[in-house]
Amino acid sequence: MGKRIIFAKYKDDENKSNDTIYCVNLEKNDYDTKYKGKLTCIKGCKARVKFTERKNGFKFFSTWNGEGELHDEGCPYSVQYRGKIGRKKLEAFYRAIDIDEDGIARRLRNKAISLKKEYNADESKDPVVGSNKVENIGDGNIEVEVEGNSSGEEHKERKGSPHINYEDASYITADDIGRTIAVYGVIDNVQFCEETSGKGYAYINFKTKFNTTLHVMFAEAFYSNEYSRGEEEFRRYIEKVELIKNNSLREVTVIAYGEITKKKKREKGVNITVISPKRIFINELSYDEVLRQ
Ligand SMILES: [Zn+2]
């Protein structure tokens, strides 16, 4: 029996629909008549998923029998994934020694720019700016621009330039803990906090579609490296982000690259931990550009 999965993608016969199905909202009868066999992994893999509702009403998805191999290598629902995570982490650690921070920043900015177009088009009432046109500017474009590699072999040769997977903040769950990915979405609110020691840290909370909780977590590492001029500046940065959010009539987007980590005990949801100012964009603004706002 596979892992419990809570989101799935729905593709209809004409391959037009690209809806996300949340297991809690799915009715057994609708599944049997409409969705059965047409739901696939939320991470974009070919593997199909099936729906189960227990007698007590508990609902979940799991990988379709015999299709476990169809999950991509980096997918948290891949059977092999859990065993590999330790080795991957070690590789990531060695890669991080001479990782190309500017390369990451450049790619995140490109993604941020295409996201801005997407979100603005969504809000626009003008039918000329249809969403069809915009969909083509999404992930696919960037993936091609990035490097288009999916095999582990190529990784080794591209030292310092990790492949970046982009995912919508709404679909990040505890299943993603341990993955290093770029997550994008819309800011709900910003919090600055202080430890009893006086050290500052901060959160940016994402707005999500299904009440899942995801925060961008800025730990001390964020302002203790060569791209930051220290804690004082970090506090100003967070204040500016808050101002941008509060003064904006449109949704303010954020894209952040980092590891998905557990929240503290008893707190709901997960964090994406960002360790460098090069790894976050607010709208399409870099850390330095936010400070100059
Ligand atoms: Zn998958």
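The values are calculated or read from the model by the stated rules, or taken from the named source; none is laboratory data. Since we're looking at a predicted model, the values are computed, not measured. Glycine gets a Cβ as well: all are built from the backbone with ideal geometry, and neighbour counts include every protein chain shown. Protein only, heavy atoms only, side chains kept; ligands, DNA and RNA dropped before computing areas. Shrake-Rupley method; radii C 1.70, N 1.55, O 1.52, S 1.80 Å.
Some points to look at:
- Residues of region 233-261 satisfying the condition of being free of Cβ contacts under 8 Å to residues at least 40 places away in the same chain and open to solvent by 10 Å² or more (accessible area, probe 1.4 Å): Asn246, Asn247, Ser248, Leu249
- Of the residues making up region 34-82, those that are away from the ligand (no atom under 16 Å from the Cβ), of a type in the set (D, E, K, R) and out of contact with any strand residue (DSSP E or B) (no Cβ under 6 Å at 6 or more places or on another chain) are Lys34, Lys36, Arg54, Lys55.
- Conditions (1) touching a strand residue (DSSP E or B) at 6+ places or on another chain (Cβ under 9 Å); (2) over 27 Å from Glu118 (Cβ atoms); (3) in a helix (DSSP H, G or I): number failed by Glu233: (1)
- Residue that is modelled with the highest pLDDT, among those in region 1-46 that are exposed (fewer than 11 other Cβ atoms within 10 Å of the Cβ) and either among the charged types (D, E, K, R) or assigned by TED's automatic domain parsing to the domain that holds Thr173 (or both): Asp32
- Residue in region 214-226 that is farther than 19 Å from Tyr287 by Cβ, part of a strand (DSSP E or B), of a type outside the set (Phe, Trp, Tyr) and over 21 Å from the mean Cα position of the chain (by Cα) present: no
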